[in-house]
1. Which count do you get for residues in the range 1-20 that are without any contact (Cβ under 8 Å) to a residue 24 or more places away in the chain and surrounded by 15 or more Cβ atoms within 10 Å (Cβ to Cβ)?
2. Looking at the range 35-42, is at least one residue open to solvent by 20 Å² or more (accessible area, probe 1.4 Å), modelled with pLDDT of 95 or more and either of a type in the set (Phe, Trp, Tyr) or over 16 Å from PHE103 (Cβ atoms) (or both)?
3. Would you please name the residue that is least open to solvent (accessible area, probe 1.4 Å), looking only at residues in the range 79-89 that are in contact with a strand residue (DSSP E or B) (Cβ under 9 Å, 6 or more places away or on another chain) and modelled with pLDDT under 90?
4. Out of all the residues in the range 57-78, which are over 19 Å from PRO41 (Cβ atoms), touching a strand residue (DSSP E or B) at 6+ places or on another chain (Cβ under 9 Å) and either open to solvent by 20 Å² or more (accessible area, probe 1.4 Å) or more than 8 Å from the ligand (Cβ to nearest atom) (or both)?
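The values are calculated or read from the model by the stated rules, or taken from the named source; none is laboratory data. Just so it is clear, the model here is predicted, and its values are computed rather than measured. Neighbour counts run over all protein chains shown; Cβ positions are idealised from the backbone, glycine included. Surface areas here come from the heavy atoms of the whole protein model, side chains and all, with no ligands, DNA or RNA. Shrake-Rupley method; radii C 1.70, N 1.55, O 1.52, S 1.80 Å.
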Amino acid sequence: VRAVTRTISESEWRAEGAKRFGEDTSKWRFVCPVCRHVATPADWRAVKAPDNAIAFSCVGRWMPNAAEAFRKIHKGPCNYAGGGLFRLNPVVVESGDVRHEMFEFAEAVR
Ligand SMILES: [Zn+2]
């Protein structure tokens, strides 16, 4: 199973985010690939998640009573970790030689 659906450059990714949500990155919206919970970078920061967890691991990892990823989830957020055994982040953002596996943006481009 390949989770990755597309690979884009960092500049393309930044342009797309700005087009969807505006220049303020704290308001960009990302969807967890496991529980479909939608969160913004401000939400990750509010629960004191590290910056490298933003749009990479579900915000639920830093919240009490988050749903167990890969169990029957009725409502997110969950405890999915982007760097764990199951790597399901769908968007690869290439920044020089570095590849970041990211959550997808929450809404489709108009
Ligand atoms: Zn989740």
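1. 1
2. The answer is no; no qualifying residue exists.
3. GLY83
4. Within the range 57-78, the first condition is being over 19 Å from PRO41 (Cβ atoms), and the residues that meet it are 64-65, 67-75.
Restricting the remaining residues to those that are touching a strand residue (DSSP E or B) at 6+ places or on another chain (Cβ under 9 Å) gives 67-71, 73-75.
Correct list: ALA67, GLU68, PHE70, ARG71, ILE73, HIS74, LYS75.
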